[in-house]
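First comes the structure, then the notes that go with it.
Read-outs throughout are calculated quantities, based only on the coordinates presented, and are distinct from any laboratory measurement. It should be emphasised that the depicted structure is a prediction, and the values quoted were computed from it without experimental measurement. Backbone-built Cβ (ideal geometry, glycine too); neighbour counts: all protein chains shown.
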Amino acid sequence: MPPLPHPLLVADIGGTNCRVAIVDAPGEPPRMVGRLSTKAEPRCEAALLRAIAGAGAAPRSALLAVGGPVIGHHAELTNAGWSFDALSLMAALGVENGLLLNDFEALATCLPVLGPDDLTPICPGAPAEGARLILGPGTGFGAAALVGREGRYTILPTEAGHIELGPVTEEEFALWPLMERVEGRVTVESVLSGSGLARLDAALRRRGGTAALCLDGAMVSVRAEAGDVVAQGAIRLFGRLLARVAGDLALAYKAVGGVFVAGGIAPKLLPLFELTQMRRAFSHKPPMGALMDAAPLWLVSGPDPAERGLAKVALDPAAFGLDNRLWV
């Protein structure tokens, strides 16, 4: 099918931030035009209109990646109050066509366009032809797999952030009774997210006999950089749990094409992670050791991966199996 009409509005909309870009013509890179708070506006349409007000030519199509499940032409953010409806968006934005994707569906579309300069290796390996998996912590936790051959792809979205997460090591067995529950559960997202890092820090302080400091994830990072040993321990544990979950999901999808960690948190914490622990947590999956030793784990460190992926989707939505989800 032909490319979607350009200029193209592409937006990566999470529970905290909304990043907005314009792709002026097919094949051109996204041009960032705004970053907004998803909590500052009650409705997404007003926020997007404000972001593109001074962006030049009005967009003719819109591709929106949203941090929540997408059902048909509708979606809601899991960790903020915005909702999305295709007809309302088309009327408000004045676009001719569009597409709603889960945010990690959108990130999965970047995998064919990433190059070596976009990746920081965590675990070496030898990628093979097969499924690739992208995941990561942010306001929440997301994951999606991409399978494809000869330029045709299928995206497998997940709600992996809402899987239960249990203890494995002696340290974790001692810590888990002290972890704050979210709706009565300890899930991947309740631990591997910005608020999850704060929960790990609080649990470690309780275990040490001191009062929790009611920090958020960003303050845990600030305290760790200032030498707070408890905060540093929370970040090391966060990295180890992130690698373990990445390895578990790699087994679930047999992701021999590689596992990619994305999102806003991991790159900031990388200097404080203990990479040897992470490598063992990722690959130590007996009796599947040989499979996991071959699977590489990378951090996506290049700029604007979701926006770049969406720009590629706009050239040929059918190549990603998304043509039947277009609004028109």
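The table for this structure:
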| item | result |
| --- | --- |
| Highest to lowest packing among 141-147, 297-303, scored as the average C-beta count within 10 Å | 141-147, 297-303 |
| Virtual spin-label span in nm between Arg206 and Leu156, 7 Å along Cα→Cβ | 3.6 nm |
| Prolate/oblate/rounded label for segment 113-155 (Cα gyration tensor, a/c 1.5) | oblate |
| Anisotropy class of segment 267-320 from Cα gyration tensor, a/c 1.5 cut | oblate |
| Relative contact order (percent, whole number), the chain, Cα cutoff 8 Å, 6+ residue spacing | 22 percent |
| For segment 115-301: relative contact order, % (alpha-carbon pairs under 8 angstrom, 6 or more apart) | 32 percent |
| From the coordinates shown, mean projected area of the Cα convex hull in nm² corresponds to which of (1) 16.7; (2) 19.9; (3) 22.5 | (1) |
| Prolate/oblate/rounded label for segment 216-328 (Cα gyration tensor, a/c 1.5) | oblate |
| Helix 305-315 vs. the chain, principal-axis angle (Cα, 0 to 90°, nearest 10) | 30 degrees |
| DSSP bridge orientation in the chain - percent antiparallel, rounded to nearest 5 | 65 percent |
| Peptide ranges 224-230, 108-114 listed from the most packed, as the mean C-beta count within 10 angstrom indicates | 108-114, 224-230 |
| Helix axis angle, 194-207 relative to the chain longest principal axis, alpha carbon, degrees | 10 degrees |
| Considering only segment 1-96, percent of DSSP beta bridges that pair antiparallel, nearest 5 | 75 percent |
| Contour excess over end-to-end distance, with Cα ends at Phe173 and Asp323 and 0.36 nm allotted per residue | 49.3 nm |
| Under DSSP loop assignment and at most 16 Cβ neighbours within 10 Å, longest trypsin sites (Lys or Arg not before Pro)-free interval of the chain | 44-180 |
| Estimated dipole of the chain in Debye, rounded to 20 [Cβ of Lys and Arg +1, of Asp and Glu -1, Cα centre] | 440 debye |
